[in-house]
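Written out below as structure tokens is the structure these notes cover.
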Amino acid sequence: MTNFTRGQKGKLADLGLNGPFAVTLDIASGSMEVDVSCFGVDANGKLSDDRYMVFYNQKSAPDNAVSVELNGPRSVFQIDLARLPAAIDKLVFTAATEQGSMRALGSSSLALGPAATFAFAGVDFQDEKAVIIGELYRRDGSWRFGAVGQGFAGGLGALLKHFGGSEAGSPAPAPAAVPASAPAPAAPPANKISLSKIRLEKRGDKISLDKRDSGGYGRIKVNLNWNQNAAQGQAPASKLDTGFLGKLFARPAGRAGGIDLDIGCLFELSNGSKSAVQALGNSWGAFERPPYIHLEGDDRTGSISSGENIFINGTHFDQIKRVLVYAFIYEGVPNWAATDGMVTIEIPGQPTVEVRLDSDSQHAMCAIAMLENQGGNLQVTKLVEYFGGQGKITAHQAMDERYNFGLNWKAGRKD
């Protein structure tokens, strides 16, 4: 492992990085929210193609040359330099905040696969709201890494402007006056990047999202992520009673503590049919056929940095009436605040919607958000309401009754 210092440069080939590799940013920001980005710029240092800015609203570049998975303080960029066009001369990795300054950072780092690391911390900065951490760049026919660690006065919007991009919704500069006899030159296409990110702060907060085209909402991704390193505990669970003989689900063999949160949903289609999509009972749903909702998998080990995902087929949104997204503490922490859980809802062409699970409730079940079809528009409402079992009533059933789905439940555990 090579430890870079600020200003140090080196060839990737000398580090043994001759193929695809990961760039991992570990940002110790405490309660301050920090957004990381990768700017793919040309030889003039400008974002001449806005598709090569990879961040929370655009998580991959063309041909997956750069992609990112965001997991709280850790962000992992997957880099395949061979897939970048010749016009992209440099990849610049940045972090920005709108809440405080970079002097509040704890011990943080950028790592190039297993080969090299660059450490930085708040003592390296003053009151800057952003930092250019490091860059991968072409020089004399080879790719190199430079450890920058340079503070930047503005936030993410200022970084975007610095690299020549413009934020969606910002006014375009007025064209210069020309003589009437001279034809006006065609204006180059402007880069328009949406930096908007919607966080529903209070219970009952809602946002309505219009369809951008006749194709509906595309592939909607609902992601649950959490801190897998909190204290151990355990909670009961229940599965949907589909009319077959049930059995108790055994704890997974070989699991030694850790946190197991499960994401799931109750749904109601426009034809009146209702059910659940969740790991318990192996009710995985389907993306290309009703219910047009699919649970990607169940992370029981806490080893999947991207968390758990539900995908909703927004091209068939007209057949969906409502979807109640929930999370359940199957095993691990005694309260939700300890999970540091975050649910993000990503819809193509729309701002990312975030809901944080920060209550100290010790109830195992949390109804997170309701997605509803309101006259063809998608409305997202923050619920963050917690439920526990009591007597013969399971937490699932209590939540079901609160939101009037009317399903039948039985106690269950995982295979």
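The values are calculated or read from the model by the stated rules, or taken from the named source; none is laboratory data. Keep in mind that this is a model prediction, so the values were computed, not measured. As a convention, Cβ positions derive from the backbone with ideal geometry for all residues, glycine included, and neighbour counts pool all protein chains shown. Keep in mind that these areas ignore ligands, DNA and RNA; they rest on the heavy atoms of the full protein, side chains included. Shrake-Rupley method; radii C 1.70, N 1.55, O 1.52, S 1.80 Å.
Could you please put Arg6, Arg144 in sequence from largest to smallest accessible area, using a 1.4 Å probe?
Values: Arg6 125, Arg144 55 Å².
Listed by decreasing accessible area, they come as Arg6, Arg144.
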Report summary line: Expected unfolding gain across Asn282-Asp358 under the 0.36 nm per residue rule, minus the alpha-carbon gap, is 24.5 nm
Query - Pair Asn271, Arg402: separation of 7 Å Cα→Cβ label points (nm) - result: 3.1 nm
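Using the Cβ atoms and a cut-off under 11 Å, what net charge is assigned to the surroundings of Arg103, where Lys and Arg are +1 and Asp and Glu are -1? Please report the intermediate quantities before stating the final value.
On the way: positive: Lys129; negative: Asp124, Asp127, Glu128.
Result for the neighbourhood of Arg103: -2.
Students often check this: by mean Cβ neighbours within 10 Å, which of 290-296, 307-313 ranks highest, and how do the rest follow? Before the final figure, lay out each step's value.
Working: 290-296: 20.9, 307-313: 22.4.
Highest-to-lowest ranking by the protection proxy: 307-313, 290-296.
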Report summary line: the range 319-391: relative contact order from alpha carbon pairs under 8 Å, six or more residues apart, as a whole percent, is 33 percent
Query raised in the report: Residue-wise, which Karplus ³J(HN,Hα) couplings in Hz belong to the range 62-75, taking 6.51 cos²θ - 1.76 cosθ + 1.60, θ = phi - 60°, and x for glycine or proline?
Result: x, 6, 6, 4, 9, 9, 9, 10, 9, 9, x, x, 10, 10
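Find how much the distance from Ser196 to Thr5 grows on full extension, using 0.36 nm per residue of separation minus their present alpha carbon separation; answer in nm with one decimal. Please report the intermediate quantities before stating the final value.
On the way: separation 191, 0.36 × 191 = 68.76 nm, distance 3.37 nm.
Between Ser196 and Thr5, full extension yields an extra 65.4 nm.
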Requested in this report: Could you give me the radius of gyration and the Dmax of the range 1-128, taking only the C-alpha atoms into account and expressing both in angstrom?
Outcome: 14.6, 40
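Would you mind counting up the charge near Asp140? Only other residues with Cβ under 15 Å from its Cβ, with Lys and Arg at +1 and Asp and Glu at -1. Present the calculation step by step, with values, prior to reporting the outcome.
Working: positive: Lys9, Lys11, Lys90, Arg138, Arg139, Arg144; negative: Asp14, Asp89.
After counting each charged neighbour, the total is +4.
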